[in-house]
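Taking it in order: structure first as structure tokens, then the write-up.
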Amino acid sequence: MIPTIETERLQLRQLQSTDAEQLHTIFSNVDVLRHYGMEPHQSLEQTEQMLFGMLEGIADGSIMRWGIMRKGHPELMGTIGFHNRAPRHRRAEIGYEIHPRYWRNGYATEALQAALTFAACSADIERVGAIVYPENIPSQQLLERNGFIREGTLRHYMRQGNQTYDVYVYGYIAKKDGPQC
């Protein structure tokens, strides 16, 4: 179980088994997944399987994933969370996606800052990594505006469709004694 996080405009809440249809509108969207490392879902069943895997990971502590909602609105606009967790090493990778109708409103920044605060103050995560396609300039800018540093390039690291992609590796060092805690 992961806690609900409130920000000025958003509520980040643990994903639920009833979220499949809303998630399908996000994970079947070509624009959302263009730089994501997976193909858009063709069926609700694909999304249900992905969600089931996420819920299993949340239950066993291997991932943390929140649904992102605007306060007072029941629909999910996206998700954000930590995967590839290595508690012994106090590190994890962050991933996020937001439906295009909510882009360019600062929601990703607000959700990212909330997740990073949770990592530093509550989850004992010191290092947060991120993997970004070089073509995904908005995501790179989001990370850099929020304290991530591009640390290098992993060549031929991701496959999407029939193509291999290089990715940039970003890192963020969370400070437990920082002003956000």
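The values are calculated or read from the model by the stated rules, or taken from the named source; none is laboratory data. No experiment lies behind these values; they were computed from the predicted model shown. Neighbour counts are summed over all protein chains in view; Cβ atoms, including those assigned to glycine, are modelled from backbone coordinates with ideal geometry.
Brief remarks on what is shown
- Odd one out for G72, checked against (1) under 14 Å from the mean Cα position of the chain (by Cα); (2) not in a helix (DSSP H, G or I): (1)
- Applying a threshold of 7 Å to beta carbon distances and a minimum spacing of six or more residues, or different chains, the list of pairs starting in region 87-112 at a residue that is part of a loop (DSSP other than H, G, I, E, B) and ending at one that is surrounded by 13 or more Cβ atoms within 10 Å (Cβ to Cβ) and of a type in the set (A, V, I, L, M) reads R90/I125; H99/I26; H99/V32; H99/M77.
- Test: residue in region 140-159 that is β-branched (V, I, T) and buried (at least 16 other Cβ atoms within 10 Å of the Cβ): no
- A count restricted to region 1-20 and to residues that are closer than 13 Å to M50 by Cβ and assigned to a helix (DSSP H, G or I) stands at 3.
- Residues that are modelled with pLDDT under 95 and either within 21 Å of E144 (Cβ to Cβ) or in contact with a strand residue (DSSP E or B) (Cβ under 6 Å, 6 or more places away or on another chain) (or both) do not occur anywhere in region 39-52.
- Summed over region 137-158, residues that are farther than 19 Å from Q113 by Cβ and polar (S, T, N, Q) total 1.
- Filter pass, T25 being of a type in the set (V, I, T), in a strand (DSSP E or B) and in contact (Cβ under 8 Å) with a residue 60 or more places away in the chain: no
- Region 114-127, residues that are surrounded by 15 or more Cβ atoms within 10 Å (Cβ to Cβ) and of a type outside the set (S, T, Y): A114, A115, L116, F118, A119, A120, C121, A123, I125, E126, R127
- Scan of region 129-181 for residues that are over 28 Å from P40 (Cα atoms), assigned to a strand (DSSP E or B) and more than 15 Å from the chain's Cα centre (by Cα), ordered by number: I149, E151, I173
- Any hit, region 120-128, residues being assigned to a strand (DSSP E or B) and under 17 Å from M64 (Cα atoms): yes
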